[in-house]
Amino acid sequence: MKAFQERLDTVKRFAEAELRPRAGEFEVKEEIPRSFLQRLGEQGVWGATFPAEYGGLALDPVDYGHLTEIIGKACNSVRELLTVHVSLVGESIKRWGTEEQKRRWLPKMATGETLAAFALTEPEVGSDAKAVHTSYKQKGNRFILNGRKKWISFANIADLILVIAAKGSELTAFLIEPSMPGVSITKMSGLLASNSSHLAEIHMKDVEVPDENVLGRVGGGFAYVVNTALDHGRYSIAWAGVAIAQEALEAMVTYSRTRKQGGKYICEYDGVQRMIAESSVNLRAARSLCLTAGRKRRDKHPEAMAETMMAKYFSSKMAMKVATDAVQVFGANGFSRKYPVERLFREAKVLEIIEGTSQVLQPLIAQHTLRTGYRDEGVITK
Amino acid sequence: MSVHGKIRQYIRSNLVTFDAMGTEFTDDDNIFEKGFVNSLFAMQLLTFIETEFNITVDNDDLDIVNFSTVNNMVRLVEKKKKENTTA
């Protein structure tokens with residue numbers, strides 16, 4: 001416990017001193033230098049939840065949540081790498097990989113020598129994940145992949161990509177390397193946010209993948225690999241919302257206590273205090289949801305997936321609201337790149353879309369509630 | 001409670017149907033094809049079976065068919081328990 005806290009404090013100091021001041025610069029340059037990511041690797045961040053035997057820190061879900069908040073508060077794009085590299089790909093290999101696959105990939109992923117990306121989304125396929133067009137066919141002990149993926153975070157610098165492909169209604173997960181013949185990557189640019197997250201399109205033309213690169217069972221791609229990955233992804237995004245909101249709240253509080261209008265600090269006005277109070281309460285509510293989900297995940301509770309969805313749903317909406325209020329408190333300065341709140345505002349929006357939009361999660365949460373909230377004895381009448 | 005009873009009870013408590021009067025399903029009904037549960041349930045069911053019966057389902061057994069009916073799940077659990085005993 002003490003060792004973990006010390007490690008967390010070290011990461012926090014690094015994030016505050018070196019990561020946070022450069023988050024804006026990374027976005028403008030649309031790049032995070034690989035050398036910088038390596039330095040985070042030296043602190044074990046890229047193998048956060050991997051077992052120690054594969055070079056990881058073996059953090060439990062609650063501790064991983066705290067780590068995600070620290071990184072996300074300093075820089076959303078680096079947090080995004082944590083989400084795809086550790087939560088989406090690392091957790092999938094940890095859960096579904098063969099012993100050989102674990103030994104081959106996890107130790108290098110833990111140091112950051114190998115960076116991983118998760119490729120599910122396509123130009124025409126987003127929320128309807130079962131409908132992927134990227135195809136595979138089997139040829140002896142190899143699989144031939146054809147298709148195109150889009151909006152893939154860190155695909156432009158990834159060394160390993162978990163690709164979901166279809167054969168009819170059957171989905172299978174493949175671990176591919178960008179160096180494989182037939183793979184080409186095109187960087188995406190000029191986005192609302194995540195400009196330094198190396199988003200890219202992946203084109204696959206007759207890519208031959210050996211069968212030892214199949215992750216999980218052939219045909220088990222959706223029910224198991226995709227569901228597991230997105231579940232882990234949602235948990236990470238829930239904490240990402242807390243991270244952005246915490247940063248935005250601190251920015252609005254600090255600004256409101258130094259900015260004077262009408263002869264007094266703007267924090268003295270009721271309208272500003274209302275925004276600060278609402279932000280503060282909602283942030284705490286989101287963090288509580290994240291901690292509840294984290295504890296249930298740690299305990300392998302049957303409701304863990306549902307709690308995670310609720311945490312992601314609330315936290316992403318909360319982050320958007322807090323970041324919007326932060327821009328409001330900053331007034332005209334909220335529009336300036338001189339201050340971080342305009343970036344936080346843009347970054348918060350993405351959280352309501354990725355790993356299941358709010359609209360995709362709503363019916364799932366409703367179904368869960370319709371099930372758990374029903375009384376067999378009927379509605380009580382007076 | 002028997003393996004069969006525990007699995008039936010778990011599925012019943014996770015049915016996603018709006019019919020408050022109850023939805024009946026047999027031990028051979030495919031719960032996914034009948035729309036009684038949503039797609040996320042596959043993972044939830046796997047976690048339940050592994051923790052409840054203290055078994056590990058490896059990739060070879062991760063065919064959705066093994067989880068599609070009560071009887072198939074009972075067969076899988078009994079097979080894994082037998083493997084654990086003989087291992």
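The values are calculated or read from the model by the stated rules, or taken from the named source; none is laboratory data. Small disclaimer: the values here were computed from a predicted structure and weren't measured. Positions of Cβ are generated from backbone atoms using ideal geometry, with glycine treated the same way; all protein chains shown enter the neighbour counts. The accessibility values were calculated without ligands, DNA or RNA, using every heavy atom of the protein model including side chains. Shrake-Rupley method; radii C 1.70, N 1.55, O 1.52, S 1.80 Å.
Considering only beta bridges that DSSP places wholly inside the protein assembly as shown, some 85 percent are antiparallel. Solvent-accessible area of region A:222-370 (1.4 angstrom probe, protein heavy atoms only): carbon and sulfur portion equals 56 percent. Using 16 Å as the cut-off for backbone N distance, which residues of region A:255-272 belong to the label zone defined by a point 7 Å from the Cα of A:Q328 along Cα→Cβ? Of the residues in region A:255-272, A:256, A:266-272 have backbone N under 16 Å from the label point off A:Q328.
Summarising the label geometry, the points placed 7 Å from Cα in the beta-carbon direction at A:R274 and A:R142 lie 6.6 nm from one another. Surface analysis of region A:222-370 yields an accessible area of 42 Å² per residue, using protein heavy atoms and a 1.4 Å probe.
With the charge dipole of region A:222-370 set up from +1 on Lys and Arg Cβ and -1 on Asp and Glu Cβ about the Cα centre, the Cα lying farthest toward the positive end among the listed residues A:P363, A:L249, A:M320 is that of A:L249.
Give me the residues in region B:41-55 whose solvent-accessible area, probe 1.4 Å, is reduced by at least 50 Å² once all protein chains are included instead of the chain isolated. Those are B:M43, B:Q44, which lose 50 Å² or more relative to the chain on its own.
For the peptide B:65-71, the mean number of other protein chain Cβ atoms found within 10 angstrom of a residue's Cβ is 0. The charge dipole of chain A, taken about the Cα centre with unit charges on the Cβ atoms of Lys, Arg (+1) and Asp, Glu (-1), comes to about 540 debye, rounded to the nearest 20. Taking the square roots of 5 times each eigenvalue of the Cα gyration tensor of chain B, largest first, gives ellipsoid semi-axes of 24, 13, 11 Å.
What's the buried accessible area, both sides, between B and A using a 1.4 Å probe, rounded to 100 Å²? That pair hides around 2000 Å² of surface in total. When a 1.4 Å probe is rolled over the protein heavy atoms, the share of accessible surface on region B:3-86 that falls to carbon and sulfur comes to 48 percent.
Between region A:333-373 and region A:79-121, the C-alpha centres lie 25 angstrom from each other. The residues of region B:3-86 expose, per residue, 50 Å² of accessible area to a 1.4 Å probe. Debye-formula intensities of region A:126-268, expressed as log10 I(q)/I(0) at q = 0.08, 0.14, 0.21 Å⁻¹, are -0.34, -0.74, -1.32 (one equal scatterer per alpha-carbon, no solvent). In region A:292-312, burial by the other protein chains removes 10 Å² or more of accessible area from A:K300, A:P302, A:M305, A:M309, compared with the chain on its own (1.4 Å probe, ligands and nucleic acids ignored). With all protein chains kept in place, the per residue accessible area of region A:92-164 amounts to 42 square angstrom at a probe of 1.4 angstrom. Comparing the full protein assembly with the isolated chain (1.4 Å probe, heavy atoms, ligands and nucleic acids excluded), the residues of region A:198-232 losing at least 40 square angstrom of accessible area are A:R217, A:Y224, A:N227. Spherically averaged projected area of the convex hull of Cα atoms, region A:2-114: 6.5 nm². For a paramagnetic label modelled on A:T186 (point 7 Å from Cα along Cα→Cβ), amide N atoms under 19 Å away belong, within region A:119-148, to A:119-126, A:133-135, A:146-148. Reported to two decimal places, what Rg/Rh ratio describes region A:222-370 when computed on Cα atoms with Rh from the Kirkwood expression? Ratio of gyration radius to Kirkwood radius for region A:222-370: 1.07. Hey, with R₀ at 35 Å, roughly what FRET efficiency would B:S39 and B:S2 work out to, going by the Cβ-Cβ distance, to 0.05? Step by step, r from the Cβ atoms, then E = 0.80.
Taking the Kirkwood radius as Rh and the Cα radius of gyration as Rg, the protein assembly as shown has a ratio of Rg/Rh equal to 0.99.
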